[in-house]
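Okay, so here's the structure we're looking at.
The values are calculated or read from the model by the stated rules, or taken from the named source; none is laboratory data. This one's a predicted model, so the numbers in the text were calculated from it and none came from an experiment. Counting neighbours? That spans all protein chains shown, and the Cβs are built from the backbone with ideal geometry, glycine included. Protein only, heavy atoms only, side chains kept; ligands, DNA and RNA dropped before computing areas. Shrake-Rupley method; radii C 1.70, N 1.55, O 1.52, S 1.80 Å.
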Amino acid sequence: MRKIRLGAIQPHYPSLPPEYNCVRENFSADPQEIFEKALIPYIELTAGLLEQAGEAGCGAVTTCEDLCGTAAFLARTGTREEGNLFPDLLELTAPYAEERIAGIARRYQMNIIACYNRREGGKNFNQAAVFNRKGEIVGSYRKTHLPPNEMWQVEAGTELPVFDLDFGRVGVSICYDMMFPEMCQSLSLKGAEVVFHPTAGYG
């Protein structure tokens, strides 16, 4: 493993506007409107900080957890007609975030570990995608230890992958994963030299 400058970003996100608060009875339940007016600004806040990391010469950087802000919509379960917009919002936000992050990774030739909720195969996952310096996704880790609120709508991952980047082998753990020391022990046994830890918790 060679020397590299690492970065970690943790934005202070603004609260959702009240009209988009899904626990209110009469919230605005238009996924496209929420995406454009509330969630794109979340993503762009992270994008701006990633660009700062690139300007600072970081060779690899991790975002916080849930960079798209979709976890705020976990609480409204049930059907789409009952106001559960979580799956719809994942299908809107993940492609947008991936395109933005890939462009930043290419522009600054920077590895990026980006954590966001993503829908795949009819299931929702809290995942961290690993982008290389060319902006390519070389793989992803799906959060294996879910707190109760995520279990309402998110599937737990079943694997602990490691990823070979140009500076060394890395692993990823997400938020609540930190409560289980076996996680990092397992990644270390697989050869991980750095474990990136995106989180939305603990202040």
task: Give the residue from Met183, Ala102, Thr199 lying farthest towards the positive end of the charge dipole for the stretch 47-203; charges sit on Cβ (+1 for Lys and Arg, -1 for Asp and Glu) and the dipole is referred to the Cα centre.
output: Ala102
message: Can you show me the helix-derived [θ] at 222 nm for the chain, built from DSSP H runs with n ≥ 4 at -39,500 (n - 2.57) apiece and divided by the number of residues, rounded to the nearest 500.
response: -8500 deg cm²/dmol
query: How long are the semi-axes of the ellipsoid equivalent to the chain, from square roots of 5 times the Cα gyration tensor eigenvalues, in whole Å, largest first?
result: 29, 20, 14
- prompt: So what does Ser140 come to for accessible area, using a 1.4 Å probe and Å² rounded to 10?
  reply: 50 Å²
- request: Could you list the GluC sites (Glu not before Pro) in the stretch 156-203 that lie in coil according to DSSP, counting only those with at most 10 other Cβ atoms within 10 Å of their Cβ?
  value: Glu159
message: Run through the stretch 1-85 and list the trypsin sites (Lys or Arg not before Pro) located in a DSSP loop whose Cβ has at most 13 other Cβ atoms within 10 Å.
response: Arg2, Lys3, Arg5, Arg24, Arg80
statement: In degrees, nearest 10, the alpha-carbon axis of helix 40-55 is tilted away from the dominant principal axis of the alpha carbons of the chain by 20 degrees
- line: When every protein chain stays in place and a 1.4 Å probe is rolled, Met110, Met179 sorted by accessible area with the largest first are Met179, Met110
field: Coil-residue trypsin sites (Lys or Arg not before Pro) of the stretch 142-194, DSSP, other Cβ within 10 Å capped at 13
entry: Lys190
- prompt: Expressed as a whole number of Å, what is the distance separating the alpha-carbon centroids of the stretch 48-106 and the stretch 154-199?
  reply: 20 Å
Nearest-ten-degree value, helix 86-108 long axis tilted from longest Cα axis of the chain: 30 degrees
